[in-house]
Amino acid sequence: MIDVTGQISAVERRIGDRTLPAGQARVLTISQTYDAPVADVFDACTNPERIPRWFLPVSGELSPGGRYRLEGNAEGTVQRCDPPHGFAATWEFGGEVSWIEVRLSDAGAGRTRFELEHVAHVDDQRWAEYGPGAVGIGWDLALVGLASHLGAEHVPAGAGVDPAAAAGWMGSDEGRRFVTESGARWTAASVDAGTPADQARGAGERVVAFYTGAATP
């Protein structure tokens, strides 16, 4: 069982912007502090044997300049790696390129602050339609997977996320509540970043409907 309210509340979410050579980009930042040392969290995020246990099967060369591929999701190029403090990579999905950076820092008492920044060019029309939840909810789901993985006392070497079980959870009352609460938090972050409240709420409702399979508002 997942403590939905506890996990949602443990995550910080921010929306910003950045000027890149190709123009203005949106910056989504999500962070959580885990009860695990920095080296262990770094290994969980970069070891190809551990990534599938909480996220997705991964293939390729996980070193600077190497190409990676997440099964059924994104692919890209590892741009830099600074063990055990983080890494950066391109995030290529649906014919578009964006960028991710993971930063890990010591939070004291054997704990680690995990921070992921996702930078993307998003046109105003798409932003108005779905807002930050389009990718933010997905990252929230990844962080709950990482939390479960790091909190497990014994994880068999070959064990990984069961796609059928994950899909079943997404369709459960608990899964829908998680997505709904995640969407609400990203809506609040969007408003904090200056999006008009009515626009942010409409985008949040549409993206939650997309994730849960409900009728689009």
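The values are calculated or read from the model by the stated rules, or taken from the named source; none is laboratory data. All figures in this text were calculated on a predicted structure; none of them were measured in a lab. Backbone-built Cβ (ideal geometry, glycine too); neighbour counts: all protein chains shown. Side chains are part of the model used for accessible areas, which takes the heavy atoms of the whole protein and leaves out ligands, DNA and RNA. Shrake-Rupley method; radii C 1.70, N 1.55, O 1.52, S 1.80 Å.
Using a Gaussian network for the chain with springs between C-alpha atoms less than 10 Å apart, which of these wobbles most: 40, 124, 192?
Looking only at 40, 124, 192, the biggest GNM fluctuation is shown by 124.
With r as the distance between the Cβ atoms of residue 106 and residue 73 and R0 = 25 Å, compute the FRET efficiency 1/(1 + (r/R0)^6) and round to 0.05.
0.25
To the nearest 500 deg cm²/dmol, what mean residue ellipticity at 222 nm is calculated for the chain from DSSP H runs of n ≥ 4 alone, each contributing -39,500 (n - 2.57), summed and divided by the residues?
Rounded to the nearest 500, it is -12500 deg cm²/dmol.
Within 15 Å, Cβ to Cβ, of residue 39, how many net charges do the neighbouring residues add up to if Lys/Arg are +1 and Asp/Glu are -1?
-1
Place a point 7 Å from the Cα of residue 39 along the Cα-to-Cβ direction; which residues of region 76-119 have their backbone N under 12 Å from it?
Residues 84 fall inside that zone.
When only DSSP loop residues count, what GluC sites (Glu not before Pro) in region 108-217 have their Cβ near at most 15 other Cβ atoms within 10 Å?
Passing sites in region 108-217 are 153.
Of 23, 72, 112, which is farthest along the charge dipole of the chain in the positive direction, counting Lys and Arg as +1 and Asp and Glu as -1 at C-beta?
23
When the dipole is taken about the Cα centre of the chain, and only Lys, Arg (+1) and Asp, Glu (-1) are charged at their Cβ, what size is it in debye, to the nearest 20?
In total the dipole reaches around 180 debye.
Round to a whole number: what % of the accessible area of region 20-153 belongs to carbon and sulfur, probe 1.4 Å?
52
If you keep only loop residues by DSSP, which GluC sites (Glu not before Pro) in region 6-72 have at most 10 other Cβ atoms within 10 Å of their Cβ?
none
For region 59-112, with only Lys/Arg (+1) and Asp/Glu (-1) charged at the beta-carbon, what is the dipole magnitude about the Cα centre, in debye rounded to 20?
I would put it at about 160 debye.
Residues in region 1-45, backbone N under 14 Å from the label point at residue 174 (7 Å along the Cα-to-beta-carbon vector): list them, ranges by number please.
Those under the cut-off are 1-8.
Give the shape of region 68-196 as rounded, prolate or oblate, defined through the alpha-carbon gyration tensor: a ≥ b ≥ c are the square roots of its eigenvalues, a/c under 1.5 means rounded, and otherwise the shape is prolate if a/b is larger than b/c and oblate if not.
Cα axes put region 68-196 in the rounded bin.
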